[in-house]
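FYI, it's all coordinate maths here, none of it is from the lab. Keep in mind the model is a prediction, meaning the values are calculated, not measured. Please note: Cβ atoms are built from the backbone with ideal geometry, for glycine as well, and neighbour counts cover all protein chains shown.
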Amino acid sequence: MGDRLECQVQFLLEADRLKDIQRRTWLLSGSRAENSAEHSWHLTLMTMVLAEYANAPIDTHKVLRMLIVHDLVEIDAGDTFFYDVAGNASKAAREQAAADRIFGLLPDEQARDMHNLWDEFERGLTKESRFANAMDRLMPCLMNLRNKGQSWREYGITADQVISRNERIAEGSGPLWERIRVELDRAVREGLLAGDARAAEMQEYYSRRAPIYNLSMGYGDPAVVAKQSAVIEFLRDAMAGRTVLEIACGPGFWTQFIAEHAQSIVATDFNESALTEARKALAASDNVTFRVADAYRLPLFDRHFDGAMAVDWFCHVPIDRRFAFLEGLKGTLGSGAQVAFCDQLPKRGSLNENTKVDSYQERTLPDGGRFCVIKNFPTESEMREMLAPFAIDAEFHEFPDARRWAVTFTLK
């Protein structure tokens, strides 16, 4: 018993270090930021009070145990800010090493039990882990909504970031997400939470460009389309036989080719004007449906997808929203889905050497409208790093004649 008890006491004393891990969420008193031990306690109390709002009946005791241990890894890995893109990219590896060490202090059967609870929380596949994750996201939202958005304003967090990163609350509790969503909209109106002007300007630009998009890209010229033939075949092969979710389909130039080999496609775009053009282009296709959708807040769909694609989209994603976009895409598709991204290679002289900040291009429409549009050109190594938490078997290709790159990967 002596050795066993010594291991247990050592673990409990090690857990005291969680009280020293500072988070970004402030106490409602405004006196200081909370620590991770306080956060874990608050989540267990939330679960006891709010369990009735789970989407399905849950084992509350299991959720409580999961939440008590879920942040112990921060003793070694630290608290990774929810909206820190770079930090979240390396979070999984750091926390896995921490879990192995910290839970390994316990006797074997207790170590396995706690490690399994932590693993279940991280995977988020069971109804208990989905509700636990909902609690983990819900409390910081509630705190910010009551302390005038203190950490949101401190770190320049926008409404789109908050919504896209927290909409998974709905997977554990639809009613609680509906309640928070209403409060977030009110926070924007009251100025506690900023909207994203970058996205709004780009959406307007592509809305107005939609009727002339294919013409402006030269897609009416057979010679221009011929240069894209290798890319078209690549995307056809990647999506062949699959039920495909297409992100930012635009006027449907790429959709028309993929539809020839896919089982079916739900082609989405934020702008109805783009979908109007796409419907014209694919009027004869009976395996394509269209839906207005925000890529950062993908809605619920009436089918399961085993494929997704996005052409000329990823380079427009702000650096600080890449992680949230990929996380939302994975949440919609699930493990095992095949994903293909394709975008343009930079022209000579257009590459921003500082790839840690967004690059912008000025665009002018024929009607004289002028817009500033995000246009990033991530390197292969950068793409591999940002895809690492989500992807396996990532394969990169370049098509110099088409001035394009592409990547395919399978979601973990």
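The tail of the calculated P(r) for region 198-411, taken as Cα-Cα distances beyond 30 Å, holds 16 percent of the pairs. Backbone N atoms of region 58-97 closer than 18 Å to the 7 Å Cα→Cβ label point of Gln22 belong to residues 74-84.
Dipole of region 2-189 computed with +1 at Lys/Arg Cβ and -1 at Asp/Glu Cβ about the Cα centre; of Gln161, Ser90, Ala187, farthest Cα towards the positive end is Ala187. Considering all different alpha carbon pairs of the chain, the Kirkwood hydrodynamic radius works out to 23.2 Å. Evaluated with a Cβ-only charge set (Lys, Arg +1; Asp, Glu -1), region 295-334 carries a dipole of roughly 80 debye about its Cα centre, given to the nearest 20. In this simple spin-label approximation, Lys227 and Lys412 carry label points 7 Å from Cα along the Cα→Cβ vector, and these lie 3.8 nm apart.
Taking a straight Cα-Cα cut-off under 12 Å and skipping sequence neighbours fewer than 8 places away in the same chain, the aspartates and glutamates within cross-link reach of Lys62 are Asp113, Glu120, Glu128.
For region 64-157, the list of trypsin sites (Lys or Arg not before Pro) that fall in a loop by DSSP and count at most 15 other C-beta atoms within 10 angstrom reads Lys148. A crude spin-label estimate for the pair Arg291 and Arg4, with each label 7 Å from Cα along the Cβ direction, gives 5.3 nm. Normalised by the number of residues in the chain, the average gap of Cα pairs under 8 Å and 6 or more apart makes the relative contact order 13 percent. Max-minus-min Cα coordinates of region 100-258 on each principal axis give 68, 47, 28 Å, with the largest extent listed first.
Taking each of Lys280/Lys412; Lys127/Lys412; Lys227/Lys347; Lys227/Lys280 in turn, the alpha-carbon distance tops 28 angstrom for Lys280/Lys412. For region 198-411, the Cβ-based charge dipole about the Cα centre amounts to some 340 debye (Lys, Arg positive; Asp, Glu negative; other atoms uncharged). A Förster distance of 56 Å, applied to the separation of the beta-carbon atoms of Glu380 and Glu14, puts the FRET efficiency at 0.90. The label point for Ser335 and the one for Glu395, both projected 7 Å from the Cα toward the Cβ, are 2.3 nm apart. Working note: Cα gyration tensor of region 2-189, eigenvalues times five, square-rooted, sorted largest first, giving semi-axes of 29, 19, 15 Å. For the chain, adding -39500 (n - 2.57) for each run of n ≥ 4 DSSP H residues and dividing by the number of residues yields -14500 deg cm²/dmol at 222 nm. Of all DSSP bridge pairs formed entirely within region 198-411, close to 50 percent run antiparallel.
Summary of the geometry: region 1-47 and region 90-129, compared by the centres of their Cα atoms, lie 16 Å apart.
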